[in-house]
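We did not get these values from a lab; they are worked out from the coordinates using the rules stated. Predicted model, so just to flag it, every value in this text is computed and none were measured. When we count neighbours, we look across all protein chains shown, and the Cβ atoms used for this are built from the backbone with ideal geometry, even at glycine.
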């Protein structure tokens, strides 16, 4: 599932081969998008919220108009299921990762295939664009992350260090770091900015020798399937809770604006930071979730979806309130 950029819609992909688009304010089903012939395995909104891209086990990606629900384009070319989808920050391109071990870059306006990036030895589990759109990162079952030049398609760097498949990655807001989660129960932080000067002279024949090691490793209690940097790199928001990043300087005027903790769903609980505060009924088995600000959406295995609006300021004031014992 995924929230739209403005938080007014939730899109949900399912094994029933459809995508359903819901209004988060009143909870109404707006559209049912039909056309895939197999499971919907990945999904993303465009940055302006006007399109949804859905990847499927049917080896295609479909682009939909969020206002009308019309199918705009079907992108075909992969020889296995599409496991990850990401839009370029300007929305003009989309990158797809597949279990056929390749990454494909498409033009969203005309639907043309622009580049096929080859080099991974295993399934491509995740793809991401840098904030400036100049780099693509791809994580794979071959335990590596590869950085590619968006314009030329050249392989720039290989990030090695995980001992199991790479499940997810995220660029920091300033584009200087990448965080990656793996089945090896670690999060690794990579400082890619310090190598930018030397790497810009690299071309594909030399890139395979330009391998980076992580600058920091964080042990986790379980694999991290979802992660993203918070504003100003203060912490990593993950499926197992927020992970603070030490040594990050913040301007004093920004501390108040970004002092609220993140919300996340784990097992039967909704957490605020490290504090569980709402328990789902035992028969509510969560299969997917997404969070945007104070909005939480949870998809259940029985096909139901629950959406919550949570006042994080109120939760914060309750946590800060003094406890009186009489």
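Give me 182, 287 ranked fewest to most by other Cβ atoms within 10 Å of their Cβ, as a rough exposure proxy. Numbers along the way, then the final one.
On the way: 182 25, 287 13.
Fewest-to-most ranking of 182, 287: 287, 182.
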Rounded Å value of the spacing that divides the Cα centres of the range 89-111 and the range 136-191: 17
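Express the relative contact order of the range 46-175 as a whole percentage, based on alpha carbon pairs under 8 Å and six or more residues apart in sequence. Provide the component values of the computation, followed by the final result.
Numbers: 337 pairs, mean separation 19.9, N = 130.
Computed over the range 46-175, the figure is 15 percent.
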Gaussian network model of the chain, springs between alpha carbon atoms under 10 Å - residue of 67, 237, 297 with greatest fluctuation: 67
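Can you give me the relative contact order of the range 2-229 as a percent, contacts being Cα pairs under 8 Å and 6 or more apart? Working shown, then result.
Values: 633 pairs, mean separation 23.3, N = 228.
Relative contact order here is 10 percent.
Test of understanding: ordering 17, 73 by Cβ neighbours within 10 Å, fewest first, what list do you get? Can you show the working numbers first?
Numbers: 17 16, 73 20.
If I rank by nearby Cβ atoms, fewest first, I get 17, 73.
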Percentage relative contact order, the range 72-132, counting C-alpha pairs under 8 Å, at least six apart: 32
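Between rounded, prolate and oblate, where does the chain land on the alpha carbon gyration tensor, with a ≥ b ≥ c its root eigenvalues, rounded for a/c under 1.5, else prolate if a/b exceeds b/c?
Values: a/c = 1.78, a/b = 1.16, b/c = 1.54.
It is oblate, given that a/c is not under 1.5 and a/b is not larger than b/c.
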Residues 169, 244, 1 arranged by fewest to most Cβ contacts within 10 Å: 244, 1, 169
GNM top mover of 139, 91, 77 - the chain, alpha-carbon springs below 10 Å: 77
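From the square roots a ≥ b ≥ c of the eigenvalues of the alpha-carbon gyration tensor of the range 25-148, which class results: rounded (a/c under 1.5), prolate (a/b over b/c), or oblate?
Numbers: a/c = 1.85, a/b = 1.49, b/c = 1.24.
Prolate shape, in that a/c is at least 1.5 and a/b is the bigger ratio.
Can you compute the helix-only [θ] at 222 nm over the chain? Use -39500 (n - 2.57) per DSSP H run of at least 4 residues, normalise by all residues, nearest 500 deg cm²/dmol.
Numbers: 4 runs with 21 residues, N = 326.
My calculation for the chain gives -1500 deg cm²/dmol from helical runs alone.
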